[in-house]
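Written out below as structure tokens is the structure these notes cover.
The values are calculated or read from the model by the stated rules, or taken from the named source; none is laboratory data. All values derive from a computational prediction rather than experimental measurement. Virtual Cβ from ideal backbone geometry, glycine too; neighbours counted across all protein chains shown. When the accessible area is computed, the model is the full protein with side chains, heavy atoms only, and any ligands, DNA or RNA have been set aside. Shrake-Rupley method; radii C 1.70, N 1.55, O 1.52, S 1.80 Å.
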Amino acid sequence: MDATEWDTRYRLAREAQAGQAGRLWSALPAQIVQDTVSPFTPGRALDLATGDGRNAIWLAGRGWAVTAVDFSAEAIGQAREHAAAAGVAVDWQVGDATTWDPAGETFDLITVMYLHLPEPALRGVVERAAARLSPGGHLVVLGHDRANLGTGAPGPTNRDILYTPELLRSCIDPASVGAVRVMRCETIRRDLATDPEAPGDGGAAFALDTLLVAEA
Ligand SMILES: C[S@@+](CC[C@H](N)C(=O)[O-])C[C@H]1O[C@@H](n2cnc3c(N)ncnc32)[C@H](O)[C@@H]1O
């Protein structure tokens, strides 16, 4: 989907006031972001493909200085409103994650949550994100796992944009991104009956996500 199509999705969700009070996604940050990031000392964070900002807003509320990027201007507009309502400041930017490049800037934390792109584009995003980590900084990437196909779990059904641990691990190539160490790279399971982020519709009991956590 291109930026215009995403704009339409966000606008329709807002207009419908359906599902999650006019939001396309839950207002809650991803549980894995909370679990992974909570032990870290807040610093500079970058949330790529931020959507309407649930993870960026949660990070800002915990003291991180957050830059958040999405190519949907509608999503960024809604994110600004949610941040204002939450009373937090975030540097919101409309930009394409495949090309966005803040010259010379580095971050203590970079999150990329549910950004689904064809492999070459995703590989470029993850490689460039890894290269933008400050020493000791962390990269957290999460997306729908290819093993969901055929299970009825929510998420994309195009296998070419779904994740596998092998794909994400291969994006952290020491030769191209320097001394970045993979701490976790695995398929993790979300129980859709109890997941407050994305309750299931009864089609599947659980969903599988691919998680990468890397440290510079
Ligand atoms: C499934 S949503 C996830 C949003 C957010 N990360 C979250 O977890 O709530 C995917 C987001 O990726 C954005 N996106 C897709 N391709 C992008 C690109 N090339 N550059 C920037 N944003 C992109 C879409 O606009 C959408 O907001």
(request) Report, for the range 26-215, the % of DSSP beta bridges that are antiparallel, rounded to 5. (result) 45
(request) Would you mind checking the range 64-81 for residues with the amide N under 18 Å from a putative spin-label position 7 Å along Cα→C-beta of Thr41? (result) 64-66
(message) 7 Å from Cα along Cα→Cβ at both Arg159 and Glu105: what's the point-to-point distance in nm?
(response) 3.8
(request) Compute the normalised compactness of the range 67-216: alpha-carbon radius of gyration over 2.2 N^0.38 Å, N being the residue count. (result) 1.10
(request) Give the Rg/Rh ratio for the range 1-151, taking Rg as the radius of gyration of the Cα atoms and Rh as the Kirkwood radius, to two decimals. (result) 0.95
(message) Is there a quick way to get the dipole size of the chain? I mean about its Cα centre, with the Cβ of Lys and Arg at +1 and of Asp and Glu at -1; what is the value in debye to the nearest 20?
(response) 320
(message) So the label point goes 7 Å from the Cα of Glu5 along Cα→C-beta, right? Which residues of the range 95-115 then have their backbone N under 14 Å from it?
(response) none
(message) Accessible area per residue for the chain in Å², computed with a 1.4 Å probe and the full protein assembly in place, what is it?
(response) 45
(request) Please arrange Thr67, Thr98, Thr4 by accessible surface area, largest first, computed with a 1.4 Å probe and ligands excluded. (result) Thr4, Thr98, Thr67
(request) Find which of Phe206, Leu139, Val69 sits farthest along the positive direction of the dipole of the range 26-215, computed with +1 on the beta-carbon of Lys and Arg, -1 on that of Asp and Glu, about the Cα centre. (result) Leu139
